[in-house]
Amino acid sequence: MAGLLEGHIAAVTGGGSGIGQGICQAYAREGARVIILDINIDAAKETVSLIVATGGSASAMKLDVTDRQACKAVATEIATKGNISILVNNAGINRRNPMTGDAVAVSKDWDDILSINLDGMFNVTHALLDQLRATKGRIVNIGSIQSFVHVSWPNSAAYTTSKHGVLGFTRALAAELGKDGVRVNAIGPGLIETRINAEARAKNPEMVAMVMRHTPLNRPGKPEDIAGPAVFLASDMSAYVTGCIVMVDGGFRTV
Ligand code: NAP
């Protein structure tokens, strides 16, 4: 049986690790050619190896999503081999210094988090927009439970602001690009066990316990939990879905 993404070329930022890696593997399994864009080229190549070892098609390109010119150069290079029809804006970082903490640290957090999580999303999307419009493509942005605010969740101003921005960007682009046949959606992961939160989980088990007390499915998620919804939003199965955020959070935000 043909895969759900047969014939598609998918670019995934931050595909060298965690959620992005899980999405790359799932897209390849569904027949897409996957291009992994990551600041960490060794990690991106590792994802390529995992995909190729299981018979899929993938390639890696080094990209810092904060570098607007580099995003344009990568888009030009991709276009020489074929237009992408799926873009997953997944690259992101998190730090949890409180606003009331050290002024230098909190200012650096703000600059770094906003430039990667939000400006980076703009840079990559804008660079690949012509390709996505030409293919009537699909954009999947990785938001968060922190695209909303909940008192039980360990918030931080910079990350929460960036992920609210991801949701705003998703809705605005869906409204603008619908006429071109481009669909734009987001995924809102809950606590997913990846490198981004490995230190926080190790150092602060009470944080995990607090989140789990509010999570009906009563377990942290894994990258493969995000992969299914990401396939859905990239495939024709979601042909009439745009401008929405699919929460993949074990029920955290629902109850
Ligand atoms: P991860 O394992 O740290 O993966 C993030 C990837 O993005 C890494 O390969 C990282 O490279 C790369 N990256 C960082 N800065 C970059 C840049 N400037 N340009 C290109 N690539 C860059 O984290 P993850 O948990 O999979 O996170 C993926 C996305 O999910 C993020 O947007 C995150 O905010 C979101 N999210 C995660 C959770 C969760 O609980 N895990 C929950 C909600 C939302 P390095 O090797 O340099 O780190």
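The values are calculated or read from the model by the stated rules, or taken from the named source; none is laboratory data. Note that the structure is a prediction, hence the values are computed from the model and not measured. Cβ placement follows ideal geometry from the backbone for every residue including glycine, while neighbour counts extend to all protein chains displayed. Ligands, DNA and RNA are excluded from the accessible area calculation, which covers all protein heavy atoms including side chains. Shrake-Rupley method; radii C 1.70, N 1.55, O 1.52, S 1.80 Å.
One table, with the values for the structure above:
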{"item": "Inter-centroid distance (Cα atoms) of region 176-255 relative to region 36-72, Å", "result": "22 Å"}
{"item": "Anchor residue 108: lysines whose Cα lies under 30 Å away (excluding residues fewer than 8 positions away in-chain)", "result": "45, 62, 72, 163, 203, 222"}
{"item": "Label-point gap, in nm, between residue 218 and residue 136 - each point 7 angstrom along Cα→Cβ", "result": "4.6 nm"}
{"item": "Chain lengthening between residue 72 and residue 49 when straightened (0.36 nm per residue, less Cα-Cα)", "result": "5.7 nm"}
{"item": "Residues in region 152-180 reached by a label modelled at residue 206 [backbone nitrogen below 19 Å; 7 Å Cα→Cβ]", "result": "152-156"}
{"item": "0 to 90° range, to nearest 10: angle between helix 120-134 axis and the chain longest Cα axis", "result": "30 degrees"}
{"item": "Residues with amide H under 5 Å from that of residue 8, placed H, sequence gap 5 or more", "result": "33"}
{"item": "Under 20 Å from the Cα of residue 179 - aspartates and glutamates, other chains or at least 8 residues apart", "result": "130, 236"}
{"item": "Accessible surface, the chain, averaged per residue in Å² (probe 1.4 Å)", "result": "46 Å²"}
{"item": "For the chain, size of Cβ-based charge dipole, Lys and Arg +1, Asp and Glu -1, in debye", "result": "320 debye"}
{"item": "Where chymotrypsin sites (Phe, Trp or Tyr not before Pro) fall in DSSP loop in region 151-246, at most 15 other Cβ within 10 Å", "result": "240"}
{"item": "Degrees between helix 103-113 axis and first principal axis of the chain (Cα, 0 to 90, nearest 10)", "result": "20 degrees"}
{"item": "Rounded to whole Hz, the Karplus (6.51, -1.76, 1.60) HN-Hα couplings of region 30-38, x for glycine and proline", "result": "8, x, 6, 7, 10, 10, 9, 10, 8"}
{"item": "Angle between the chain longest axis and helix 18-29 axis [Cα atoms, degrees, rounded to 10]", "result": "30 degrees"}
{"item": "Extension reserve of the residue 126-residue 41 stretch, reckoned as 0.36 nm per residue once the Cα distance is removed", "result": "28.4 nm"}
{"item": "Among 154, 47, 5 the positive-end extreme of the charge dipole of the chain (Cβ point charges)", "result": "5"}
{"item": "Taking only Cα atoms of region 28-95, radius of gyration then Dmax in Å", "result": "12.4, 37"}
{"item": "In Hz, Karplus ³J(HN,Hα) per residue of region 71-78 (6.51, -1.76, 1.60; θ = phi - 60°; x = Gly, Pro)", "result": "4, 5, 5, 5, 4, 5, 5, 4"}
{"item": "HN-Hα J in Hz across region 91-97 - Karplus 6.51, -1.76, 1.60, θ = phi - 60°, x for Gly and Pro", "result": "4, x, 10, 9, 9, 10, 5"}
{"item": "Loop-located trypsin sites (Lys or Arg not before Pro) in region 1-83 whose Cβ has at most 15 other Cβ within 10 Å (DSSP)", "result": "81"}
{"item": "Nonlocal amide H pairs with residue 186, under 5 Å, H built at 1.01 Å", "result": "141, 244, 245, 246"}
{"item": "Amide H contacts of residue 57 (H built 1.01 Å from N, under 5 Å, at least 5 apart or other chain)", "result": "34"}
{"item": "Dimensionless Rg over Rh [the chain; C-alpha; Kirkwood]", "result": "0.95"}
{"item": "Residue order for 150, 126, 8 - accessible surface, 1.4 angstrom probe, largest first", "result": "126, 150, 8"}
{"item": "Coil-residue GluC sites (Glu not before Pro) of region 1-109, DSSP, other Cβ within 10 Å capped at 12", "result": "6"}
{"item": "For region 177-225, diffusion coefficient by Stokes-Einstein and Kirkwood Rh (Cα), 25 °C, 0.890 mPa s, µm²/s", "result": "190 µm²/s"}
